[in-house]
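Enquirer: Dropping a structure here in structure tokens format, bear with me for questions.
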Amino acid sequence: MFRGIHWLGHDSFRIEGGGLVTYIDPWQIPDGPPADLILITHDHYDHCSPDDVARIRKPETVIMTVAAAAAKLPEPVRTVEVGERREVGDLMVETVPAYNLNKFRSPGIVYHPREAGLVGFILTVDDRRIYHAGDSDLIPEMAGIICDVALLPVSGTYVMTASEAAEAAKLIRPKLAIPMHFGRGIGSEADARHFAEGCTIPVKILPCET
């Protein structure tokens, strides 16, 4: 079920399938094959890294992201908003909401506001639906997510805690959940283990490829 899904640390993944190489939120990633498709959930530096994008980008690479992140990258970039469906080769890319409810940078101000229009992605590749939640809390829209694999943040502070992520997995009911958004000074493998212990569905903690 997780064949072709490579965790590159933090929220970064490389997904190989459908004849294409897709990267999601490449940041401080190791050397790897060039990208056919790059998906970026939002404009924060640990998700939208122009240096990392430049390393894996080819002239024909398709980049999809929200407008705030697109403004940080050389053209061409395809801007997306919540609720879109785009085809890239044999892949289908869907955008879904990602935002905070209870993670505050200051009183009343969350790190990832709903009105900012930040996204998660559902990537359909080789008949598998892979959901990358982006930087999000457990939000009501997750009840409508249909996927085979859910990549869920678990570190707390800026995103769901491990316990909240376990509740999200219970709500979404994927066939497999993979924890992310830990390590590199943000959360730890203990958060991933806590998530796995609290989950009622299968969990795979992927090794970080460095």
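The values are calculated or read from the model by the stated rules, or taken from the named source; none is laboratory data. What you see is a predicted model, and the numbers here were worked out from it, not measured in a lab. Positions of Cβ are generated from backbone atoms using ideal geometry, with glycine treated the same way; all protein chains shown enter the neighbour counts. Heads up: the accessible areas ignore ligands, DNA and RNA and are worked out on the full protein's heavy atoms, side chains in. Shrake-Rupley method; radii C 1.70, N 1.55, O 1.52, S 1.80 Å.
Enquirer: Looking at ILE109, ILE205, ILE146, which one is within 25 Å of ASP36 (Cα to Cα), out of contact with any His (no Cβ under 9 Å at 6 or more places or on another chain), surrounded by fewer than 19 Cβ atoms within 10 Å (Cβ to Cβ) and not acidic (Asp, Glu)?
Expert: Result of the check over ILE109, ILE205, ILE146: ILE146.
Enquirer: Taking strands (runs of 3 or more DSSP E) that fall entirely within segment 73-173, which contain at least 2 residues that are at pLDDT below 95?
Expert: In segment 73-173, the matching strands (runs of 3 or more DSSP E) lie at 104-106.
Enquirer: So is LYS170 open to solvent by 60 Å² or more (accessible area, probe 1.4 Å), among the charged types (D, E, K, R) and touching a strand residue (DSSP E or B) at 6+ places or on another chain (Cβ under 9 Å) or not?
Expert: Considered against the rule, which asks whether it is open to solvent by 60 Å² or more (accessible area, probe 1.4 Å), among the charged types (D, E, K, R) and touching a strand residue (DSSP E or B) at 6+ places or on another chain (Cβ under 9 Å), LYS170 comes out as no.
Enquirer: Another question, then. Quick one: would you say THR210 is touching a residue at least 40 places away in the same chain (Cβ under 8 Å) and either among the basic types (Lys, Arg) or over 22 Å from ARG129 (Cα atoms) (or both)?
Expert: For THR210, the condition - touching a residue at least 40 places away in the same chain (Cβ under 8 Å) and either among the basic types (Lys, Arg) or over 22 Å from ARG129 (Cα atoms) (or both) - is met.
Enquirer: Hey, could you check segment 37-54 for residues that are among the acidic types (Asp, Glu) and either in a loop (DSSP other than H, G, I, E, B) or open to solvent by 50 Å² or more (accessible area, probe 1.4 Å) (or both) and say which is modelled with the lowest pLDDT?
Expert: Residue satisfying both the conditions and the ranking: ASP46.
Enquirer: Could you go through segment 155-164 and let me know if any residue there is of a type outside the set (Lys, Arg), more than 24 Å from THR200 (Cβ to Cβ) and surrounded by fewer than 23 Cβ atoms within 10 Å (Cβ to Cβ).
Expert: Checking segment 155-164: at least one residue is of a type outside the set (Lys, Arg), more than 24 Å from THR200 (Cβ to Cβ) and surrounded by fewer than 23 Cβ atoms within 10 Å (Cβ to Cβ).
Enquirer: Quick one: count up the residues across segment 9-26 that are closer than 17 Å to PRO179 by Cα and either of a type in the set (A, V, I, L, M, F, W, C) or open to solvent by less than 10 Å² (accessible area, probe 1.4 Å) (or both).
Expert: 10
Enquirer: OK, next. Among the listed residues PRO26, PRO30, PRO34, which satisfies the condition of being part of a loop (DSSP other than H, G, I, E, B), in contact (Cβ under 8 Å) with a residue 12 or more places away in the chain and under 15 Å from the mean Cα position of the chain (by Cα)?
Expert: Every option except PRO26 fails the conditions.
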